[in-house]
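What follows is a single structure, written as structure tokens, with notes after it.
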Amino acid sequence: MAAGPAGGLFPTVSAFPEELAAHVASYRNTAEHNERVHREFTAAAAAEPLLNDHRRHIEQHKLGYGDAAFHAMWKILLLAAHQRFGRVDALEVGVFKGQVISLWALLAKTHGWPVRVHAITPLEGQALPSSRWWSSLKFRLLPRYRERVRSGGFYPDDDYEGIMRTLFAHFGLDFSDVRLVRGYSSEPAVRAALQGDRFHLVYVDGDHTYDGAAGDVRLFGPKVVAGGWLVMDDAAFDLPGSTFWKGYEPVARACALLPGLGFTNVLNVGHNRVFEKVR
Ligand SMILES: C[S@@+](CC[C@H](N)C(=O)[O-])C[C@H]1O[C@@H](n2cnc3c(N)ncnc32)[C@H](O)[C@@H]1O
């Protein structure tokens, strides 16, 4: 790996730009370009020790989902948010074991970017019924249950908060700096807790059914400031390209609500779709 240019954020990976604007300007929603973006972001994440070490730790300890490419995307987005807004309020909806919030905290600490990390997550599993008979009966009879199964909406019971604390400690990060809102984004108490909040960056990765994803788009879209970004995970189902996981059809369908809320789809990295609020 070649050494990076002085002051550069990424080591030289075939001149991989560190500015979001460069990726947006060259973005084309074609199979060839989507596959190239995914490939180049994956390479950029592997080439930078901080991103690579963090992602390898996540993979080795099974602490998260998604692709390594997203690590490079988050670095570019956090930098862009810091350059545009100075102090950054970043929210993740659906945290699981803390992969993304720990990455944000690590990037912020390493680069001296003032980032306040907000997180909404239930800190509990949504386990599949233990009886296969009961589960398959529900699958046949209940369309919403069927949609949940098909969109991967089940997580084992675990000590999610304890796992996150250990992850933060491993990277020398202070978990108490995170504003953790425990619960589901659909719950009135969670919505009330966030009533007056505005964010520069929102990552929607919670409920992947249509009602869940659309509810999050409708709730959090208006909370993104003008010029900020909302990233939808698992949302590339209807995009061209075949070398990356495309996500779920209901989440992709929910993305269709975003233009009506003032967002433009400016970049897609695998199944992570980046929407900028332009008005
Ligand atoms: C796919 S995982 C998130 C993965 C994580 N973003 C990552 O990159 O590793 C989805 C998480 O969302 C949580 N979840 C499900 N529905 C939710 C909701 N309505 N609000 C907040 N979190 C939700 C689940 O408990 C699970 O922890």
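General observations
- Of all DSSP-defined beta bridges confined to segment 20-277, some 40% are antiparallel rather than parallel.
- A straight Cα-to-Cα reach below 15 Å connects residue 109 with the aspartates and glutamates 89, 174, 177, residues fewer than 8 places away in its own chain not being considered.
- What the phi angles of segment 101-107 give under the Karplus curve with 6.51, -1.76 and 1.60, with θ = phi - 60°, is a coupling list of 5, 6, 5, 4, 5, 5, 5 Hz, glycine and proline written as x.
- Sequence-distant residues sharing a close amide H with residue 267 (under 5 Å, placed H): 274
- Distances between placed amide hydrogens fall under 5 Å for residue 88 paired with 115, 116, all partners being 5 or more residues away or on another chain.
- Of interest is the spacing of the C-alpha centroids, which for segment 251-273 and segment 27-47 amounts to 18 Å.
- For the cross-link pairs 62/246; 97/277; 75/97, the ones whose C-alpha atoms lie over 23 Å apart are 97/277.
- Residues listed by number, segment 220-251, amide nitrogen under 20 Å from residue 36 label point at 7 Å toward C-beta: 239-245
- The Cβ shell under 11 Å around residue 229 holds other residues with a net charge of +2, Lys and Arg each +1, Asp and Glu each -1.
- Length-normalised contact order of segment 20-277 in % [C-alpha pairs under 8 Å, at least 6 apart]: 21
- Whole-angstrom Cα spans of segment 20-277 along principal axes, big to small: 52, 41, 38
- Beta bridges from DSSP with both residues in segment 132-279: antiparallel share about 70 percent, rounded to the nearest 5.
The numbers here are math on the coordinates, done by the rules we state, and not lab data. Predicted model only: the values in this text are computed from it and were never measured. Counting neighbours? That spans all protein chains shown, and the Cβs are built from the backbone with ideal geometry, glycine included.
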